[in-house]
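First the structure, in the form of structure tokens, and then the observations on it.
The values are calculated or read from the model by the stated rules, or taken from the named source; none is laboratory data. Here the structure is a predicted model, which is why all the values come from computation and not from measurement. For neighbour counting, all protein chains shown are included, and Cβ atoms are generated from backbone atoms with ideal geometry for every residue, glycine included.
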Amino acid sequence: MSDSETRHIIAISGGKDSSALAIYLREPNRWQKHLGKTEAEPREPLEDVEFVFCDTGTELEETYEYLDRLETKLGKPIERLQADSPPGKTPFDHYLELYGGFLPSANMRWCTRNLKIKPFENYIGDDPVINYVGIRADEDREGYISTKDNITSVFPFREDGLVKEDIYRILEDSGMGRPEYYDWRSRSGCYFCFFQRRSEWVGLKENHPEFFEKAKEYEKVDEETGESFTWSDTESLDELEDPERIEEIKERAEQRRERLKQNMSNRSLMSLYFEDEVRDLEDDGKGCNICHL
């Protein structure tokens, strides 16, 4: 099959890495020179590329706003993909019903499989595809790797030696900036993602109280067994929002920031995004790779 029949796709998560990748691959040689990546192999600009975003229907408002801005920057639409769901229901609510009201968890990530991966693979079909993934050279993870034979994943940032500071530089110098939710959250994804740290749940309550209340409505107790279904294994959102508990969470988060600040090197660009950097360092590496690139 000829190269012209191969589709080139970048899955955008609404996060910094995949957004920077989309910008980078439009003018890779200019960015290589700008970033001082003199040892990187020259790349042909990606002209005939498709941008896609898998929308669960439960993303943050800031994510949708950032995607709109990114479309303008790229000069090309980002295809919004959604899992099938009945009219009036978000894809998440539809699948929550199919799974008997059982909330997704680290041990049962039905949300990733049904709301992110399936729509993406259905969109691709059986066409040969090169899937460009925004994993950096300073990361020890693989990202989304499809089991379908027709999808080949490549990692331009890793191949060209780009690290986190380069990503910030691309976003800053392109005029794109980073998503506003990084003011209080470390990653893109659903507003109620169970991988959120407690400090991020507090951030959700303070920045989007209406979403926090919606997240609370999903939690329930089985009247027959007394078993609790909550986003966190150790406490409900009702318990977490107690004022004393919130102060405790904030105090511990501040202590972590101070410890991490002492360990950070004095990098001028990173200082602009200190909170982003701290949250990344706090990150335990868990999460759904296709959601958080």
| Is it the case that region 195-209 has a residue that's at pLDDT below 95, under 21 Å from Lys118 (Cα atoms) and assigned to a loop (DSSP other than H, G, I, E, B)? | yes
Subset of region 158-194, residues in a loop (DSSP other than H, G, I, E, B) and either basic (Lys, Arg) or over 18 Å from the mean Cα position of the chain (by Cα) (or both), comes to Gly161, Leu162, Ser174, Gly175, Arg178, Arg185, Arg187
Residue hits (region 145-174; surrounded by 19 or more Cβ atoms within 10 Å (Cβ to Cβ) and more than 20 Å from Ala40 (Cα to Cα)) are Ile151
So, first residue within 14 Å of Phe157 (Cα to Cα) in region 35-49, second residue outside any loop (DSSP other than H, G, I, E, B) and of a type in the set (Asp, Glu), Cβ within less than 6 Å, six or more apart or across chains; the pairs are Leu35/Asp166; Lys37/Asp160; Ala40/Asp160
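Quick grid of which residues meet (1) at positive phi; (2) part of a loop (DSSP other than H, G, I, E, B):
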position	(1), (2)
Ile10	no, no
Ser19	no, no
Ala40	no, yes
Gly57	yes, yes
Cys111	no, no
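Considering Ser19, Ser85, Ser105, Ser13, which residue is farther than 30 Å from Asp233 by Cα, of a type outside the set (A, V, I, L, M, F, W, C) and buried (at least 16 other Cβ atoms within 10 Å of the Cβ)?
Values: Ser85 fails: farther than 30 Å from Asp233 by Cα; Ser105 fails: farther than 30 Å from Asp233 by Cα; Ser13 fails: farther than 30 Å from Asp233 by Cα.
Being farther than 30 Å from Asp233 by Cα, of a type outside the set (A, V, I, L, M, F, W, C) and buried (at least 16 other Cβ atoms within 10 Å of the Cβ) holds for just one of Ser19, Ser85, Ser105, Ser13, which is Ser19.
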